[in-house]
Structure formats: C-alpha cells, structure tokens
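Student: Structure below; questions to follow.
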Amino acid sequence: MSSSLITVATCNLNQWALDFDANLERVIQSIEQAKALGATYRLGPELEICGYGCEDHFLEVNTYMHCDESLATLLESTATEGILCDIGMPIMHHNVRYNCRVYCMDHKIVLIRPKMFMADDGNYRETR
C-alpha cells in the first residue's frame, strides 16, 4: 500500500539579477539538498533562474535565451531525477513574455504555468 504523504521542500535562495551561472548553481544545490532530505516536490522562488529584479532586462530577448540555456543545463543534469521541481523563470511564447512556473521531473518539462495575477504597482506593491 502506498503512502499518501509527501515531503515538500521550499527554498528562499540568494539569487542575483542576471547572474545565470551562480543562480543555476544555487538552484541545483537546493534540489540536491531537498532530495537528501527525502522531498519529492521542491518549490523554488519566483524568477529564480534570472533573479527577481531584472526590470528592463525582461524586455531583452537575451534574458530569455540565457534562462532557456540554464533550464536546459538543469534538465541535462541528474538534479531532477526522482523529484518534481517547481522552477521560477520567465518564458517567451509567440513573442509574448510570461512570468512562469516550470515543473520538471526526470529530465523533462512536465508543465509550464504562467503567473495569472501580475503586480499592479511596481515590483513589490500589490493589491492582490
């Protein structure tokens, strides 16, 4: 009989805007730590791949390209084996920019979910 309990790992990472390599390294470390603690689901912070405060850099295609490269590196590694990873990153689809959650497991993208309610007054003031 299987257990209905799961272990969830949440993390708050010290990410820096546009520091893709170091941000990815901290993401992978947090996944490995979550796995070591027996978690089967790892929830990361919003926009953890690129860093939250990129502001005008979200208007640049290179930001999305580097995020895609970081995600590809993550999927090629062993980090997502046996754990559902909820990764925060921007996605561009048909030239429209989205703030998304990318769910990955076992080297594959399972789901991409865009943020439904955006900030209405700058980065940190929200009425939602």
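The values are calculated or read from the model by the stated rules, or taken from the named source; none is laboratory data. Being a predicted model, the structure only gives us computed values, none of them experimental. FYI the Cβ positions are ideal-geometry reconstructions off the backbone, even for glycines, and counts take in every protein chain you see. Keep in mind that these areas ignore ligands, DNA and RNA; they rest on the heavy atoms of the full protein, side chains included. Shrake-Rupley method; radii C 1.70, N 1.55, O 1.52, S 1.80 Å.
Student: Relative to the longest principal axis of the C-alpha atoms of the chain, give the angle of the C-alpha long axis of helix 61-76, reported between 0 and 90° and rounded to the nearest 10°.
Tutor: Helix 61-76 sits roughly 10 degrees off the main axis of the chain.
Student: Rank GLY88, ALA72, CYS54 by how far each Cα sits towards the positive end of the charge dipole of the chain (+1 on Lys, Arg Cβ; -1 on Asp, Glu Cβ) and give me just the farthest.
Tutor: Result: GLY88.
Student: Need one number: nm distance between label points at ASP106 and ASN14, each 7 Å from Cα along Cα→Cβ, rounded to one decimal.
Tutor: Once both label points are built, they end up 3.6 nm from each other.
Student: In the full protein assembly as shown, how much of VAL8 is accessible to a 1.4 Å probe, in Å² to the nearest 10?
Tutor: Looks like 80 Å² after rounding.
Student: Now for a separate question. What nm value, rounded to one decimal, do you get for the distance between ASN62 and SER77 when each label is placed 7 Å out toward the C-beta?
Tutor: Modelled inter-label distance: 2.4 nm.
Student: Give me the percent of accessible area attributable to carbon and sulfur for segment 1-58, probe 1.4 angstrom.
Tutor: The value for segment 1-58 is 53 percent carbon and sulfur by accessible area.
Student: With every protein chain left in place, what is the accessible area of ASP21 in Å² (1.4 Å probe, nearest 10)?
Tutor: About 130 Å², ignoring ligands and nucleic acids.
Student: Mind pulling the angle between the C-alpha long axis of helix 20-36 and the longest principal axis of the chain? Nearest 10 degrees, somewhere in 0 to 90.
Tutor: Value to nearest ten degrees: 20.
Student: Only one of the values [x] 14.2; [y] 15.2; [z] 19.8 was calculated from this structure for Kirkwood radius over Cα pairs in Å; name its label.
Tutor: This structure yields the entry labelled [y].
Student: Leaving ligands and nucleic acids out of the surface, order THR80, THR7 by accessible area at 1.4 Å, largest first. All intermediate terms of the calculation are to be shown ahead of the outcome.
Tutor: Details: THR80 0, THR7 65 Å².
Solvent-accessible surface, decreasing: THR7, THR80.
Student: Order HIS94, HIS66 by their accessible area, 1.4 angstrom probe, all chains in place, largest first. Don't skip to the end; give the middle numbers.
Tutor: Values: HIS94 155, HIS66 65 Å².
From most exposed to least exposed: HIS94, HIS66.
Student: Now for a different question. Put a dot 7 Å past each Cα toward the Cβ at ARG97 and GLU25; how far apart are the dots in nm?
Tutor: 2.7
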